[in-house]
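S.K.: Here it is: the structure, laid out below.
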């Protein structure tokens, strides 16, 4: 029984999306990596806090979805634990609040111990506020057309540069480039999600760029945004002395091409759901290769 409950909560957390928060934190931590116990301990704490906020956001989205959508049970993914009758909406909401509370406790540690506690406090308040109200009522700001820029901002510059600042009390131009890469690859996850939910979003009167401008527009945006991190890296290497070892990311180009081809060919709900997962995988894999490039450069230098 306990094992089944744990499995259901893991499904509800949407583990395939967690790379969206883990990658920017890792990128922010390796820009000026220090191999000492305090630095590594603080990095682990930030990873835990970011994961907790991501899980909390996913749970709030799950709870809020039930109030605006009518779902076809036969097409439900396994993480729709409320529609599937596994957990009640109240239970999921409590779990979301626990996740946010855990992240808040970690944030308080950094606020108290850091010399820039007020800045970190501001970052924490804004992050938790947006994370809850992205789907949570009464604001539901993600349902009013702000989803793409918010994901880009928070899964890119906010998390990456926030991590770098928390660990080093500084923000670098290289960190800005890496944050743009992370924000771009995280945004394609949401684009795939919005393509999948196009018809449901229209019925629910949810505002997204795709419900306004159509699925074809969404596919063009997917193409432009998935190639943008390669451009950002080249700018960083040419103009900002970013390590050339980050060019190892060219290994992911075939994966990007396959994603572009498949998103263009997708027509069914199942096609788009597959692309949602593949987009999340791309974000994680691309980020891992950047990390490998930076770590190799760190060892060499």
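S.K.: Write out, first by first residue and then by second, each pair whose Cβ atoms fall under 7 Å of each other, whose residues are 6+ apart or on separate chains, and whose first residue, in the range 7-19, is on the phi < 0 side of the Ramachandran plot while the second is surrounded by fewer than 16 Cβ atoms within 10 Å (Cβ to Cβ) and modelled with pLDDT under 85.
M.R.: 11/78
S.K.: Identify the residue in the range 11-51 that is part of a helix (DSSP H, G or I) and within 16 Å of residue 61 (Cβ to Cβ) and, among all such residues, is nearest to the chain's Cα centre (by Cα).
M.R.: Selected residue: 20.
S.K.: Do we find that residue 254 is under 22 Å from residue 274 (Cα atoms) and without any contact (Cβ under 8 Å) to a residue 12 or more places away in the chain in this structure?
M.R.: So residue 254 fits the description; yes.
S.K.: Can I ask one more? Among the listed residues 199, 206, which satisfies the condition of being within 23 Å of residue 80 (Cα to Cα) and either at pLDDT 95 or above or surrounded by 16 or more Cβ atoms within 10 Å (Cβ to Cβ) (or both)?
M.R.: 206
S.K.: Need the failing condition index for residue 177 against (1) surrounded by 22 or more Cβ atoms within 10 Å (Cβ to Cβ); (2) touching a residue at least 60 places away in the same chain (Cβ under 8 Å); (3) under 21 Å from residue 49 (Cα atoms), just the number.
M.R.: (3)
S.K.: A further question on this structure: In the range 258-301, what residues are touching a residue at least 24 places away in the same chain (Cβ under 8 Å), over 20 Å from the mean Cα position of the chain (by Cα), farther than 22 Å from residue 26 by Cα and part of a helix (DSSP H, G or I)?
M.R.: 264, 269, 270
S.K.: Just to be sure I understand, how many residues within the range 200-220 are closer than 15 Å to residue 262 by Cα and touching a residue at least 60 places away in the same chain (Cβ under 8 Å)?
M.R.: Within the range 200-220, residues that are closer than 15 Å to residue 262 by Cα and touching a residue at least 60 places away in the same chain (Cβ under 8 Å) number 0.
S.K.: Counting only residues that are within 19 Å of residue 196 (Cβ to Cβ), under 17 Å from the mean Cα position of the chain (by Cα) and at pLDDT 90 or above, give me the helices (runs of 4 or more DSSP H) lying completely in the range 72-154 with at least 1 of them.
M.R.: 147-153
S.K.: While we're looking at this one, here's another question. Going through 171, 158 one at a time, which residue ends up being closer than 27 Å to residue 229 by Cβ and in a loop (DSSP other than H, G, I, E, B)?
M.R.: The conditions single out 171.
The values are calculated or read from the model by the stated rules, or taken from the named source; none is laboratory data. Note that this is a predicted model, so its numbers are computed, not measured. Don't worry about glycine lacking a Cβ; one is built from the backbone with ideal geometry, like all the others, and counts go over all protein chains shown.
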